[in-house]
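The values are calculated or read from the model by the stated rules, or taken from the named source; none is laboratory data. None of the values given here were measured: they were computed from a predicted structure. Cβ: placed from backbone, ideal geometry, glycine included. Neighbour counts: every protein chain shown.
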Amino acid sequence: MSSTFKVLAIVVMLAVVAVLFAGMRNMIKGGSGNFSNRMMQLRVLFQFIAILLIVGALYFSRQHG
């Protein structure tokens, strides 16, 4: 796995966790439903990006490995 893809995937996965906890914290505190919905949408986007990076890393590691 390319080190660039690996680092980017880890950064995006950490972003997923951060957004997940921000949304959960908002729900526990009884905050805005709009904020929780936005956090859910952002989490799904980050998960999609992480999957693309992981698949890309696997693809390129097989092509050049």
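Descriptive notes on the structure:
- Scanning the range 7-31 for residues that are within 15 Å of residue 46 (Cα to Cα) and of a type outside the set (A, V, I, L, M, F, W, C) returns a single hit, 23.
- Residue 60 meets all of the listed conditions (1) free of Cβ contacts under 8 Å to residues at least 24 places away in the same chain; (2) part of a helix (DSSP H, G or I) but one, namely (1).
- Applying the condition of being assigned to a helix (DSSP H, G or I) and touching a helix residue (DSSP H, G or I) at 6+ places or on another chain (Cβ under 9 Å) to the range 22-32 and asking which residue is nearest to residue 3 (Cα to Cα) yields 22.
- Only one of 49, 54 that is under 18 Å from the mean Cα position of the chain (by Cα) and at pLDDT below 90: 54
- Applying the criterion of being polar (S, T, N, Q) and loosely packed, with under 14 Cβ neighbours inside 10 Å to the residues of the range 1-53, the residue that is farthest from residue 63 (Cα to Cα) is 32.
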